[in-house]
1. Quick one: angle between helix 18-27 and the longest Cα principal axis of the chain, in degrees between 0 and 90, rounded to 10, please.
2. If you take the Cα atoms of the chain, find Rg, then find the Kirkwood Rh from the mean of 1/r over all pairs, what is Rg/Rh?
3. Within a Cβ distance under 14 Å of Val97, other residues only, what is the Lys/Arg minus Asp/Glu net charge?
4. May I ask you to order 93-99, 71-77 by the average number of other C-beta atoms within 10 Å around their residues, highest value first?
5. Please build a GNM for the chain, connecting alpha carbons under 10 Å apart, and tell me which residue among Pro164, Pro29, Pro37 fluctuates the most.
6. Running a GNM on the chain with Cα contacts under 10 Å, which residue among His125, His159, His145 ends up with the highest mean-square fluctuation?
7. What order do you get for Glu12, Glu86 when you list them from fewest to most C-beta neighbours inside 10 Å?
Amino acid sequence: MEDLVEGLKSFERDLITQDAVRDYLAATPLSRDALTPYIFWNDRHYTRNLIYRDDLFEVMTICWKPGQKTVIHSHNGQLGWMSVPEGEVLVHNYKYVRCSNPELQNVVGIDCLAGGHHIELDRLHTEGCAPGSGVVLVDKLQTIHQIENAGNTGCVSLHIYSRPIDSCVAYDLAEDRCFRRTLKYYSRYGQVEIEQSPVTR
C-alpha cells in the first residue's frame with residue numbers, strides 16, 4: 001500500500017490525468033491481503049475506510065456485505081478509479097435528463113448545487129467490477145451512478161479520487177428530489193471511528 005501511495009504522489013508533480021492513473025493502477029494491482037488493515041464490515045451498511053488523503057488524492061476501501069448498495073449519486077466533477085480485489089460489485093450508470101432547476105446544473109467546480117425536484121435520469125447501462133476485470137472510471141464531466149453488491153459474498157473495492165470529496169448529490173427517485181449529502185468515513189488509517197449513520201456513496 002505504501003508503494004501505491006508513493007506512486008500516486010508522483011503524479012502530483014504534473015497534470016493528473018484519468019488515463020495515466022488508470023494505467024498505473026492496472027500495472028500495480030493490490031491483493032486483498034494488502035488491504036487487510038483497512039477492511040471493516042458492518043451489518044447495517046457498507047463502510048468507507050480511509051487509507052490516505054492529501055489535497056489531490058483520496059484513497060479508501062469500501063466493504064460491502066451482500067445486498068448493500070449506495071444511493072444514486074454524483075461525483076462533483078471528480079476523476080475517480082475503482083478496482084475490486086475481492087468479490088464483485090455492479091455499477092449502474094445514469095445520465096441526467098432534466099429537473100425542476102436546470103440552472104443548478106454544471107456549476108463551475110461542482111456538478112450540481114442540488115435542491116431540484118421532478119428528477120429525470122436515464123439508466124444507461126450496468127457494468128461489473130471484479131478481480132481481473134480492470135479499473136472502473138469516474139468521468140469528471142458528470143458521472144451519476146449507483147454501486148451495488150448483488151452477490152452472495154462480501155466484497156472489497158479500492159477507490160481513488162482526485163480531488164478528495166466530502167459531499168455528493170444524492171438522487172432519491174422515489175421522493176422525486178435530489179439533495180447534497182455529507183460523506184463520512186467508517187474508519188481512518190486503520191482505526192474505526194465512532195459509529196456513524198449509514199453513508200451515502
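1. Value to nearest ten degrees: 30.
2. Using Cα coordinates only, the ratio equals 0.95.
3. Residues near Val97 contribute 0 overall.
4. Going from most to least packed, we get 71-77, 93-99.
5. Highest fluctuation of the listed residues: Pro37.
6. His125
7. Numbers: Glu12 13, Glu86 20.
Taking fewest neighbouring Cβ atoms as first place, the list is Glu12, Glu86.
Any read-out appearing in this document is the output of simple, stated calculations on the displayed coordinates, not a laboratory observation. It should be emphasised that the depicted structure is a prediction, and the values quoted were computed from it without experimental measurement. Quick reminder, even Gly has a Cβ in these numbers, built from the backbone with ideal geometry, and neighbours come from all protein chains shown.
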